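Remarks on the structure that follows.
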Amino acid sequence: MTIRSVVAALWVAAALLGVQPGQAQTMASDSVQQGWPGHGGDGIGRLRLIGQATLPNGLPFQGTVVGGLSGLDWDPVNARWTALSDDRSSPNGPARFYTLAIDYDAQAVRGIRITGVTPLRDKAGQTYAPGAVDPESIRRDPLRGILYWSSEGDISAGIDPSVNIASPGGFLRRSMDLPKRFKASSDGKSGPRNNLVFEGLALARDGRTLFASMEAPLIQDAEIPPTPAPGPVRITAFDTLTGRAGAEYVYVADPLPAGNGGSFGVSEILSAPGFGGDLLVLERTFIAGTGNKLRLYVADRAGATDVSRIDSLAGSHWRPMRKTLLLDFDTLSGVRLDNFEAMSWGPRLRNGNPSLVILSDDNFSATQITEALVFELRRPGWWN
C-alpha cells in the first residue's frame with residue numbers, strides 16, 4: 001500500500017461500531033484487555049527484539065527493483081522466506097514475489113538478502129497487466145505447497161479485490177468466492193474503500209481455513225468521523241478446499257490519538273497456534289508530523305459474533321473479538337519505525353522459543369527503508 005494511501009487511511013478507517021456512539025465507545029473499551037505495559041498479557045509471552053537488518057534502497061535483482069515488500073511467510077520445508085511485492089506491474093517489474101534469506105539466531109541478526117524472484121501469473125500463464133492486481137499478503141501452505149495471496153484490486157477503477165490460490169511457481173489456480181459486500185460497487189455507497197481492502201492473510205495450522213482481513217471498515221459498516229474513533233474491521237474465514245466464505249468476525253482497530261480523525265488500519269494478521277483460536281493483528285497508521293505508529297495485538301474469536309449474515313454493521317448488534325496488547329512499537333529503542341506491514345513466524349530458536357519477523361514496505365521511496373525486525377517470543381505459555 002502506498003504511503004499516500006496510509007495517510008488517507010487516517011480519516012477513511014473510521015468507525016462508530018454501529019448502534020449509538022455511547023454504546024460504540026463501551027464496546028470498544030470492552031474489547032481491549034491490557035497486559036504488561038507494551039508487552040502483552042500474562043500467559044501470552046513477551047517479545048524480545050533480537051535485532052534488525054535492512055536491504056539497500058532501490059536494489060536491482062534479475063531485471064526487477066526490490067521494493068514494496070508487503071507480505072512475508074516462512075517456508076519450513078525449503079527453509080526460506082517468501083516476500084510479496086505490492087508492485088502492480090510497473091517499470092520496476094511484473095507483480096511478483098521474492099525468496100529471501102534472513103540470517104539470525106537468538107543473539108543477533110546478521111543480514112538479509114534476496115535469493116530469487118517469481119512473477120505472479122494468471123490462469124493463462126501470463127504476467128498481470130499494469131494495474132490489474134494490487135498484491136498485499138501471502139501465505140504458503142507447507143502441507144500442500146500452494147500459495148495464497150491477496151489483491152486489493154482497484155476499487156476506483158471497478159476492479160474487484162481477490163483472495164487467490166496459486167501454484168508454488170506463482171500460476172493462478174483459482175480465487176476464493178467473495179461475498180458481494182467485498183466487491184466494488186457502481187454507486188460508491190457500499191463495499192470496500194479504495195486501497196483499504198484485503199491487507200492481511202492468516203492460514204490456520206491445519207490448512208483448512210484461510211483468514212482474510214480488511215484494512216479498514218466497509219463503507220456501509222462505518223461513517224467517517226472528524227475525531228478519533230475505533231474502526232470495525234471484518235476478518236473473513238475461507239474454506240481452502242471449497243473456496244467458500246464462512247464465518248466473519250469484527251476486529252476493532254484502535255482510535256487515533258487526539259487531534260486526528262478515524263482509527264488505525266489493520267496491515268497484517270497471522271495465525272497464533274499456541275493461543276488456540278487466536279490471531280496476531282498488526283495495527284498501523286501514519287500521522288503527519290509524527291510518523292508511523294504501530295501496535296501488535298493478540299485477538300481472540302471466542303465469544304465474538306459471526307457477522308457473515310450482516311451486510312451493514314452500522315445499526316446492528318454484535319460483539320467484537322477480544323484483543324490483548326502484545327507490543328506497542330513506541331516502546332522499542334533504537335528502531336526506525338517505518339511502514340511495517342508484513343509479518344510471519346520464523347524457525348524456532350535453539351532455545352525452543354518461536355521467532356517472529358516483521359518487515360517494512362518502502363513504497364519504492366528513496367526516503368523509506370526495507371527493514372526486518374526479528375523478535376523472540378519468550379514465555380510462550382501453551383505454545384505447541
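Within the range 283-292, restricting attention to residues that are part of a strand (DSSP E or B) and not acidic (D, E), which residue is farthest from W345 (Cα to Cα)? Residue satisfying both the conditions and the ranking: I287. For the range 136-159, a residue qualifies if it is assigned to a strand (DSSP E or B) and either surrounded by fewer than 24 Cβ atoms within 10 Å (Cβ to Cβ) or not polar (S, T, N, Q) (or both), and the qualifying residues are E136, I138, R139, R140, L147, Y148, W149, D154, I159. Contact annotation: residue pairs with Cβ atoms under 9 Å, 6 or more positions apart or on different chains, pairing a residue in the range 290-315 that is touching a residue at least 24 places away in the same chain (Cβ under 8 Å) and at positive phi with a partner that is among the small types (G, A, S) and assigned to a loop (DSSP other than H, G, I, E, B), are G315/G18. For residues in the range 220-252 being among the hydrophobic types (A, V, I, L, M, F, W, C) and at pLDDT below 95, which is most open to solvent (accessible area, probe 1.4 Å)? Looking at the filtered set, the residue picked out is I224.
Okay, residues lined up against (1) assigned to a loop (DSSP other than H, G, I, E, B); (2) surrounded by fewer than 18 Cβ atoms within 10 Å (Cβ to Cβ):
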{"site": "R174", "(1), (2)": "no, yes"}
{"site": "D187", "(1), (2)": "yes, yes"}
{"site": "S190", "(1), (2)": "yes, yes"}
{"site": "L201", "(1), (2)": "no, no"}
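Applying a threshold of 9 Å to beta carbon distances and a minimum spacing of six or more residues, or different chains, the list of pairs starting in the range 342-360 at a residue that is within 24 Å of S267 (Cα to Cα) and ending at one that is assigned to a loop (DSSP other than H, G, I, E, B) and among the polar types (S, T, N, Q) reads S360/N339; S360/Q368. Report, by residue number, each residue of the range 98-125 that is over 20 Å from the mean Cα position of the chain (by Cα), surrounded by 13 or more Cβ atoms within 10 Å (Cβ to Cβ) and assigned to a loop (DSSP other than H, G, I, E, B). Passing the criteria: D105, A106, D122. Residue check: is A124 among the aliphatic types (A, V, I, L, M) and free of Cβ contacts under 8 Å to residues at least 24 places away in the same chain? Judged against the criteria, A124 is a match.
Checking L196, L280, L178, L241 one by one, the residue that is among the hydrophobic types (A, V, I, L, M, F, W, C) and not in a loop (DSSP other than H, G, I, E, B) is L280 and no other. Taken as a whole, the condition of being of a type outside the set (V, I, T) and under 15 Å from P168 (Cβ atoms) applies to Y148. Considering only residues that are of a type in the set (A, V, I, L, M), open to solvent by 60 Å² or more (accessible area, probe 1.4 Å) and closer than 20 Å to S190 by Cβ, which ones fall in the range 299-309? Correct list: empty.
The sole residue among S312, S333 that is at pLDDT 95 or above, out of contact with any Gly (no Cβ under 7 Å at 6 or more places or on another chain) and open to solvent by 30 Å² or more (accessible area, probe 1.4 Å) is S312. Can you pull out the residues in the range 285-296 that are closer than 26 Å to Q220 by Cβ and open to solvent by 10 Å² or more (accessible area, probe 1.4 Å)? F286 - this is the single residue of the range 285-296 that is closer than 26 Å to Q220 by Cβ and open to solvent by 10 Å² or more (accessible area, probe 1.4 Å).
The values are calculated or read from the model by the stated rules, or taken from the named source; none is laboratory data. Not measured: the values here are computed from a predicted model. Note that we place each Cβ from the backbone using ideal geometry, even for glycine, and neighbour counts take in every protein chain shown. Ligands, DNA and RNA are stripped out before the accessible areas are found, and what is left, the full protein with its side chains, is counted by its heavy atoms. Shrake-Rupley method; radii C 1.70, N 1.55, O 1.52, S 1.80 Å.
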